[in-house]
1. Determine, from the Cβ-Cβ distance of residue 104 and residue 380 and an R0 of 30 Å, the FRET efficiency 1/(1 + (r/R0)^6), rounded to the nearest 0.05.
2. Taking the Cα centre of each part, how many Å lie between the stretch 237-271 and the stretch 165-187?
3. Between 0 and 90 degrees, rounded to the nearest ten: what's the tilt of helix 5-18 against the longest Cα principal axis of the chain?
4. Taking 0.36 nm per intervening residue step and subtracting the Cα-Cα distance, what contour gain separates residue 433 from residue 160 on full extension?
5. Let me check against my output: what whole-number percent is the relative contact order of the chain, with C-alpha pairs under 8 Å and at least 6 apart?
6. What FRET efficiency, computed as 1/(1 + (r/R0)^6) with R0 = 45 Å and r the Cβ-Cβ distance, is obtained for residue 36 and residue 313, rounded to the nearest 0.05?
7. Order of 642-648, 465-471, 617-623 by packing, highest average Cβ count within 10 Å first?
8. Taking only Cα atoms, what is the 0 to 90° angle, nearest 10, from helix 419-430's long axis to the longest principal axis of the chain?
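The numbers here are math on the coordinates, done by the rules we state, and not lab data. Remember, it's a predicted structure, so these values are computed and weren't measured experimentally. No Cβ is skipped: glycine too gets one built from the backbone with ideal geometry, and neighbour counts run over all protein chains shown.
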């Protein structure tokens, strides 16, 4: 039977009273906390502090410190590193730092010895803070988050990394909590690492190979001061792009069984993903922190050494804001550079993650003045670091300061979110601005962007967490962000979306059918393209955010995965969904699963190199053509119609012969002439709805004639029949 919480705290207090706690000198490295026999060593960086104080608390609920130790610069400082060994304490100790120095914003210093500061190397944090309408509550220091000493050893079942080749990788972008937070998930601990583990068989069955998680590093969910004008409820920071502690998992993603339990549970989650054949990629935010601008709170970096950790303006009382979030992390300061590398190494070595997606990664290439560099030392160091070599590195190759480096992000080891793919594919299917030539470039792997590197350097996507969901992309002409409390001024205005005749949801059958076909067209284009496909959580079941294209603050069913959509229902539907929603969700889910299987069965869709267009040895590896000729393409035609024939490609998979990929975005019937030297079978026709399997992958393929009629808009895949 577990101890009563109050009795446990009383026991801790009595033990603390009996134990002998004292401080002595300690070695400066490594930074952070090291549990040693008889005590704990603390080490922290501050170049400009005049003194530091280590504050200990009896437990995570204590309002006042139990003990404090002042670090003597003559005894406890090695260069810019301060360290101390505290005898008589161990794992479970709650602590914070106080830094002494000038509060001199004009010279970039913001020391405030009244603030309790989180250790930048803290592996776990406890407590929270509330950024109210007047800013951080300066008069309530006991409400500040604190750091926790952990013994975080873990019995890994398998130390190996999966190392899935890029050409075989299929990424599923997900929110750790939102995946299981809805009651329909049926898991024991909703919105946690443990809850996600229960749903890993779903992802394995879907066929994806990697989970890319929105930030799971500790962040302050209560920093948002806006009110939902519809419900009257205060909004949150749901996405997590506002880091407080870079090596500490977000506490609410744990079960709460004990302080710091989220660390072990995060490791268990990564371990379980690997056992299910799934790599784990973390979205990580080094472009800014949770401390905001001059009006923001002092939580860690700002109070330890503001001039070192942040890019300051010419007026050093203000911050450069290339992140759009108030401050910019000083990534190429020599110490901050080492700190970032330490963070990445920790997640790889201690947490066993397989890669990172770097939010607003162009900031990694800005020097200490904010200028973009040709060969940023940090970007090169990450790629060539002996611990990090071989992991997956993905750059969001732009920032809020005007940098746009898609196709030119420095370093040959990096892959990039291909925003050009998203825009060109959307324009082809949903607007009058798309062209067949632009689509052909994206289908072929974006050689215009990655010609010196290869197709795998482009992460192709139609949607992501930021923007419309797939269903909303075909259902709304305009964003509908009123629920964010910002008068619909936030979010992207240029979405390349199309509502197909009605804004928002409708029960009108023809429009719903057309929207479903268009979702299939977009998904088919994604998985038939060279490069690495990424699908956003919920798109495989037609998730809607009701037109909100910036749902960063919506921790509610708008953002959550609705597992009940996959359940069969009666003709009346379910409590929250129309019966057609269930039918479409189940159909779309099967379609995505079969698309992934089709990609796996077609080695020609997973090339490591770009097409040459030359015969090898007889048949070209790719042939572009229009409807009237199987071998010629009229690139000047204004019609959004395209044929792409892939030559034979060696490799495992059923479809290693020639493939015909036909794309028609026009709402017309089009007759395509096919090569007559072989017979063709139908694999996929997105114009078909419900009546037959979404994709023909089992059994003999239905034969087609050499004059094949498409019913646009649609995507058709034909395969050369054997014999």
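1. 0.30
2. What the calculation gives is 16 Å, centre to centre.
3. Once rounded, one gets 40 degrees.
4. On the way: separation 273, 0.36 × 273 = 98.28 nm, distance 4.72 nm.
Going from the current span to full extension adds 93.6 nm.
5. Working: 1644 pairs, mean separation 68.4, N = 723.
It rounds to 9 percent for the chain.
6. Numbers: r = 43 Å, r/R0 = 0.95.
Computed FRET efficiency for residue 36 and residue 313: 0.60.
7. Working: 642-648: 22.6, 465-471: 24.1, 617-623: 14.9.
Highest-to-lowest ranking by the protection proxy: 465-471, 642-648, 617-623.
8. 40 degrees
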